[in-house]
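See below for the structure under consideration.
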Amino acid sequence: MVYGPGVRASLDRLQRLILAGRWLPVGDVTNRRSLVFVGNLADLIGRVLDRPDITGAFVVRDGEDLSTPGLARALGAGGSPARLLPVPVRVLETAARTAGRSRPVERLFSGLEVDDTLLRSQLEWTPPFTVDEVCRRWRRPCSR
């Protein structure tokens, strides 16, 4: 999942809810997701372009996988703390199914972790920005 200025996705919506001071019922979600900041991705692309000897397919991440509540806390670190309610995931899934919103909820609660060991070892690459740094430096890292 790529995040950063100009990236439109569920992360942008999550950030808007946090900035608006809305309570988020995701306190009990335990998933883990690999993310990559658009600035880290651009840095990596530059590194790859400088290395024509590197071939193959790679996955990329910032290096720290976050749960949905962890991501909300990181997004709120820029000045609007995330307000999290511990609601059981089964209750949220049932409510989403009843409201016909199962797909967005599934995406929000699903996990997706990738292993970028091969990429980092072959390119000797470390992302220049961490999730926390991005969220502190840019008050709204996901907005346009």
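The values are calculated or read from the model by the stated rules, or taken from the named source; none is laboratory data. Note that the coordinates shown come from a computational prediction; the quantities given were computed from them, not determined experimentally. No Cβ is skipped: glycine too gets one built from the backbone with ideal geometry, and neighbour counts run over all protein chains shown. Ligands, DNA and RNA are excluded from the accessible area calculation, which covers all protein heavy atoms including side chains. Shrake-Rupley method; radii C 1.70, N 1.55, O 1.52, S 1.80 Å.
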When the charge dipole of the chain is computed with +1 at the Cβ of Lys and Arg and -1 at the Cβ of Asp and Glu, the Cα pointing farthest to the positive end, of S34, L118, S80, is that of S80
With all protein chains present, calculate the accessible area of V26 using a 1.4 Å probe and round the result to the nearest 10 Å².
10
Which is farthest toward the positive dipole end of the chain among L14, V59, A99, measuring Cα position about the Cα centre, with Cβ charges +1 (Lys, Arg) and -1 (Asp, Glu)?
A99
Rule-of-thumb Rg ratio for the chain [Cα; 2.2 N^0.38 Å; N residues]:
1.13
Relative contact order, percent, the chain [alpha-carbon distance under 8 Å, six or more residues apart]:
41
Which value, in debye to the nearest 20, gives the size of the charge dipole of region 10-144 about its Cα centre, when Lys and Arg are +1 and Asp and Glu are -1 at the Cβ?
900
Accessible surface, 1.4 Å probe, highest first, among residues I18, I45, I54:
I45, I54, I18
Rh_Kirkwood(region 21-65) over Cα pairs, Å, one decimal, evaluates to 13.3
